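Working notes for the structure below.
No lab work stands behind these numbers, since they all come straight from the coordinates. All values reported here derive from a predicted model rather than from experimental measurement. Cβ sites come from the backbone with ideal geometry, for glycine too, and all protein chains shown count toward neighbours.
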Amino acid sequence: MINDIYAVYLRELIRLWRQKVRLVTTIMMPLLWLGVIGSAFNKAFQMPFGGDFLSFLTPGILVMTMVFTSTVSGITTVFDREFGFLKEMLVAPIKRESILIGKMLGGVTQSMLQGVLIVSLAILMGVQFKGIAAIPGMILTMLLVSIAFVSFGLALASKMTSMEGFQMVMSFLIQPMIFLSGAFYPTKMLPTWLKVGVRLNPLTYGVDAMRYFAIGFHEFNVAMDLIILTALSVVLILIGGHLFRKS
Amino acid sequence: MKAIEIKNLVKEFDGIKAVDAISLEIEYGEIFALLGPNGAGKTTTISILATLLKPTSGKARVNGYDVVKQAAKVRHSIGIVFQDPSLDDRLTARENLEIHGRLYHMKRDERKKRIKEVLKMVELEGRANSLVKTFSGGMRRRLEIARGLMHKPRILFLDEPTLGLDPQTRRHIWDYIEKLRREGVTVLLTTHYMEEADHLADRIAIIDKGKVVALGSPSELKDSIGGDIIKIKCNDENKMIELLSSNGFDAMMVDEEVIIKARKAEKEIPKIFMLAKEIEIKSIMYKEPSLEDVFIHYTGKAYREEGMDEKEAIKMKFRRMRR
């Protein structure tokens, strides 16, 4: 089983390596957010915890980018279906679960690499993280976010047959989720009716946990953040796994 | 034991029988062709044998294993080249084979050795480290055949192996399939090209609407419709047919030609000249029956290779584009 998963994962790694330029190009958007928006508003905003806006924004942008990357990595299964490689794996004497797990690991790897790249850039821009102590918590949160949204992407990919469907999901689900997650501003500033959306949005807790581990600021209970994130991952893995097996 | 045993296999999609009680036995070492027009049920049959689809009813055994109950063992026994391209074109030829070897639990040394062997067999050893993206349609097909053979399966399925390839490349692919015969691999291929089945297969099952309508070697099938075909052009076809029919010939008119089935054409032609002194014969020719004649004989309809609907035509075009 481990060897089967590795075979699937190895292919994902090779593909990732071949597309390494894309890792750099997809960094452009978060770079603009941090470099332009972050720097521009840095002086203008008085943050509630006393820190600067750039440091506040960085964990949010980190989560945003990883959510995008993870979800999009689910696309590879649609590609596989369209271009036939999935069939090659389906007739091989390996379990469906091995294919699923191998693909998930591939997506998580890509998303984690992206995360590390953004953190490195942020450090170069002068963002003050909590030092070495920030690392374990940030990695944990990054992993949970990646796993949850790669599974989400896989679940979508199992149901969808075209790339257009992905655009829909990105515009109507993922983007609103990011805007309502407190990635760009403290959620306290929102009117009450929008706060409901914030509390119902699982991403809110991902951003909150990330921000706590990265710079020490948080709006919710961090233990609760992590429990919600873990529950979300488990549920999405199960749904993704179920839909993938069925398709 | 047979390489493949199929008994009363049925596959329904929404109440329509794509495979309708097919029974076949295929021997080890045989090259066996399923021949029929698009939509006859060939690919569905292969998909069931490859454990990708479950049959609605009936049984099938591949290499002695039941395709439903012993799917994993079946998968180890077979190699398959799909109708649609299934290589990862961002990987090199070698990487595609390497991943395949791993998926089939081959040991490291074994993989290395076998990659060399199969690439040599399809004459791609020079391109081992090129990305598949850069390969032509024919090269991709060859690599897919190499991949299908990578784990030394006893049985290889080829689903329309030359679909969308130009005639020259098709000949080339045929040569490789011929080579497999010498290596003792059992090959089950589907095709809707008459000449492909005729050229390659030891035995052919002609399939139409999910049923086997005829089974045998190419020459058996051709003999089964009763000898040769004589075609005559003359100035009065009706009179010719009347004359021939009243003298015990099996004659009919197709496209302003008189078509006569005869056991031994070379002996019958002089008799026809004797009988038809009054009629001006413009040309006369005879040929051994083709598989096309066999198809017409058993199904009562003309065989059209391009007999596909619009949707299929678009799919084909798309397929060609990708090759």
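Considering only segment A:4-42, state which residues are within 11 Å of another protein chain (Cβ to nearest Cβ) and loosely packed, with under 12 Cβ neighbours inside 10 Å.
A:TRP17
Which of the residues that make up segment A:84-109 are within 7 Å of chain B (Cβ to nearest Cβ) and surrounded by fewer than 21 Cβ atoms within 10 Å (Cβ to Cβ)? Break it down stepwise before answering.
Initial filter on segment A:84-109 (within 7 Å of chain B (Cβ to nearest Cβ)): A:84-85, A:87-94.
Across segment A:84-109, the qualifying residues are A:GLY84, A:LYS87, A:LEU90, A:PRO93.
Within segment B:121-145, track down each residue that is away from every other protein chain (no Cβ under 13 Å), aliphatic (A, V, I, L, M) and closer than 26 Å to B:LYS42 by Cα.
Passing the criteria: B:VAL122, B:MET139, B:ILE145.
In this structure, is A:PHE172 more than 17 Å from A:LEU57 (Cβ to Cβ), in a helix (DSSP H, G or I) and in contact with a Leu (Cβ under 7 Å, 6 or more places away or on another chain)?
So A:PHE172 fails the test.
Identify all residues within segment B:2-55 that are within 14 Å of chain A (Cβ to nearest Cβ) and not aliphatic (A, V, I, L, M); write none if there are none.
Result: B:THR43, B:SER47, B:THR51, B:LYS54.
Taking B:LYS267, is it of a type outside the set (A, V, I, L, M, F, W, C), farther than 25 Å from B:HIS199 by Cα and exposed (fewer than 13 other Cβ atoms within 10 Å of the Cβ)?
Against the criterion (of a type outside the set (A, V, I, L, M, F, W, C), farther than 25 Å from B:HIS199 by Cα and exposed (fewer than 13 other Cβ atoms within 10 Å of the Cβ)), B:LYS267 qualifies.
Restricting segment A:137-177 to residues that are free of Cβ contacts under 8 Å to residues at least 40 places away in the same chain and within 17 Å of A:LEU113 (Cα to Cα), which is surrounded by the most Cβ atoms within 10 Å (Cβ to Cβ)?
Among those that are free of Cβ contacts under 8 Å to residues at least 40 places away in the same chain and within 17 Å of A:LEU113 (Cα to Cα), it is A:LEU143.
Among A:LEU121, A:LEU140, which is the only one that is within 13 Å of the chain's Cα centre (by Cα) and not in a loop (DSSP other than H, G, I, E, B)? Outline the logic, then answer.
Details: A:LEU121 fails: within 13 Å of the chain's Cα centre (by Cα).
None of the others qualify; the one that does is A:LEU140.
Does segment A:1-24 contain at least one residue that is under 17 Å from A:VAL119 (Cα atoms) and either over 20 Å from the mean Cα position of the chain (by Cα) or polar (S, T, N, Q) (or both)?
Scanning segment A:1-24 turns up no residue that is under 17 Å from A:VAL119 (Cα atoms) and either over 20 Å from the mean Cα position of the chain (by Cα) or polar (S, T, N, Q) (or both).
Which residue out of A:PHE56, A:PHE45 is more than 14 Å from chain B (Cβ to nearest Cβ), aromatic (Phe, Trp, Tyr) and either over 27 Å from A:LEU173 (Cβ atoms) or exposed (fewer than 15 other Cβ atoms within 10 Å of the Cβ) (or both)? So that I can check it myself, show each step before the final result.
Values: A:PHE56 fails: either over 27 Å from A:LEU173 (Cβ atoms) or exposed (fewer than 15 other Cβ atoms within 10 Å of the Cβ) (or both).
Testing whether each residue is more than 14 Å from chain B (Cβ to nearest Cβ), aromatic (Phe, Trp, Tyr) and either over 27 Å from A:LEU173 (Cβ atoms) or exposed (fewer than 15 other Cβ atoms within 10 Å of the Cβ) (or both) leaves just A:PHE45.
Collect the residues in segment B:79-120 that are more than 29 Å from the chain's Cα centre (by Cα), hydrophobic (A, V, I, L, M, F, W, C) and more than 9 Å from every other protein chain (Cβ to nearest Cβ), keeping them in residue-number order.
B:MET106 - this is the single residue of segment B:79-120 that is more than 29 Å from the chain's Cα centre (by Cα), hydrophobic (A, V, I, L, M, F, W, C) and more than 9 Å from every other protein chain (Cβ to nearest Cβ).
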